[in-house]
Structure formats: structure tokens, C-alpha cells
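Notes for the one structure printed next.
The values are calculated or read from the model by the stated rules, or taken from the named source; none is laboratory data. From a predicted model like this one, the values you see are computed outputs, not experimental measurements. All Cβ positions, glycine included, derive from the backbone under ideal geometry; neighbour counts span all protein chains shown. Calculation scope for accessible area: heavy atoms of the full protein, side chains included, ligands and nucleic acids excluded. Shrake-Rupley method; radii C 1.70, N 1.55, O 1.52, S 1.80 Å.
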Amino acid sequence: MNAPKPAMPQASPEVRDALRGLRPYLTRSAWFTVIASLLTLVSSWYMLEVYDRVVNSRSAMTLLMLSLVVLAGYALMQVLEWAHSEEMREAGLALDAKLRDRVFNAAFEANLRKIPGGTAQPMVDLRTLRDFLGSGLVRALIEAPVALVFLVVLYVINPILALAGLLGAVLQGVITWMNERATQPPLTAANKNAIAAQQYADGTIRNAQVIEAMGMLRDIHKRWFAKQSEFLKLQVIASDRAGVYTALSKFMQTTFSS
């Protein structure tokens, strides 16, 4: 008989409720981001209007009014981007306020019972989750639907431009996938080594007097340094790989936008 498959880990109700409570922040932030992204079309509209109206009419007043409209659009775009950042910061603070006491108490109880999780790592993970809400990845996910609007605009201008834009988006997606595939294994291993080194250091500090009395400090320092060096080595590998794919992504972006 086939062995039953292990059940997938489920998020706790507390985490689900905390994330569900962020919906108003995410909704407002999404609207701010979408409108700000659409305002990037103002520069293209400005150039079209300059060549269509100003060059033909040679009207300085028309150029002045168009420039004022564009400047107002740019100012609004920056205000909306600031509002997006503030909303995501508030979302991170709200998430931290709902979970920090529970995480602290759970880590404290785990330490008393000598079970896994009784370290400062859960609080570090909560901070990482809080900071993730304000990261560029979240904003990129929110902006993804706006790409369809840009493709429609390109198609209206010229179908070949729309095809080139679609091809560029596909290539950027492939490069992103390759970057993730190349950097995820060393980053995962680096995080594990960093956690192991931190836990080893915490245990060493808790037993500092015993270690000093037994003359074990030198050996313990070597073990900690080996764990820390492995973490740094893996992090450098991931950084080097990410740098290659980032440069390739920028090259593709510059080429297709030109």
C-alpha cells in the first residue's frame, strides 16, 4: 500500500486574520500605484502633443500650458508613490502590532519547554515579513495589471510596437525566472547557515562563564567562524549571480524601451 502523503502546512488562524486585516491598506495602495503607473504615459502624451500642436502652430502659450499639465501630472505621480509607501508602511506596522505579542510569548514559552523555536529567530522572521510589505516585489505585483493597459496603447499606436513590448515582457519574465532559479538555492542555504550561526552564538553567550572556565572559547570561536564564513560565502555566490541577471535585465529593458 502507498504511504499517505504528508499534509501541507497550513497558516495559523492568527496569521490569516492578521493578513486579512491588511486588506484596506492593500486596496488603497493598489489604487495609488495603478494611477501613478498610468501617469507615466503623460510624457509620451506630451511629446505627441508637442509635435502635433506646438511644432505646427509655433504657439508658445500652447507649449507653456502643456508643460504645466505635465508638471502637475508628475507632481501627482510622486504624491501617489509617497502615499503608496506610507500605506505599505502602515500595513507593516499593523501586522507587527497584531502578531508581535503572540510571537514573543510563543518564543518565550518554547525556550522554557526546550522545544524548537525558542530563540529570537521568530521575531526576526516577523520583521522580515513586515519589511516585505514595503518591498519592490509587492509593488511590482500590484503594477502587473497596468502592463495590459500599456500593451493596448502600443497596439493602438502600432501593432508591431505592441508585439515588441509583449516580447520584451516575456523575455524579462524568463530572465526573472532564471535569476530566481540561480539565486534561490544559495540564498536558502545562506539563511540556514545564518540562523545556525546565530543560534550557536546565542547558546555560547548564555554559557559564557562555563565556556571560559573550561577553556573552550578558542574552539567554539572556530566553529562559529566556520558557520559564519559559510553563510557569507553562499551570500556572495547569490549576489554574484543576481548581479549578472540584473545587468542582463537592464540591458533588455533599455534596448526594448529605445
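Here are a few things to note about the model shown:
- Filtering segment 132-177 to residues that are under 17 Å from the mean Cα position of the chain (by Cα), of a type outside the set (D, E, K, R) and surrounded by 15 or more Cβ atoms within 10 Å (Cβ to Cβ) leaves LEU133, GLY134, VAL138, ILE142, GLN172, ILE175.
- The numbered conditions (1) in a helix (DSSP H, G or I); (2) touching a residue at least 12 places away in the same chain (Cβ under 8 Å) are all true for GLY134 except (1).
- In the set (1) modelled with pLDDT of 80 or more; (2) open to solvent by 80 Å² or more (accessible area, probe 1.4 Å), GLY92 fails one condition alone, (2).
- Matching residues, segment 214-249, being open to solvent by less than 70 Å² (accessible area, probe 1.4 Å), more than 12 Å from ASN193 (Cβ to Cβ), modelled with pLDDT of 75 or more and of a type outside the set (A, V, I, L, M, F, W, C): GLY243, TYR245, THR246, SER249
- Within segment 164-177, residues that are at negative phi have Cβ atoms under 8 Å from residues that are part of a helix (DSSP H, G or I) and among the acidic types (Asp, Glu) in no pair, counting only partners at least 6 apart in sequence or on another chain.
- PHE32 vs. criteria over 17 Å from LEU133 (Cα atoms) and not small (Gly, Ala, Ser): no
- Long-range neighbours under 7 Å by Cβ, at least six apart or interchain, first residue assigned to a helix (DSSP H, G or I) within segment 28-42, second of a type in the set (Gly, Ala, Ser) and open to solvent by less than 60 Å² (accessible area, probe 1.4 Å): PHE32/ALA83; LEU39/GLY73; VAL42/GLY73
- Selection status of ARG16, open to solvent by 70 Å² or more (accessible area, probe 1.4 Å), free of Cβ contacts under 8 Å to residues at least 12 places away in the same chain, in a helix (DSSP H, G or I) and not hydrophobic (A, V, I, L, M, F, W, C): yes
- Condition met for ALA182 (closer than 25 Å to MET47 by Cα and not in a loop (DSSP other than H, G, I, E, B)): no
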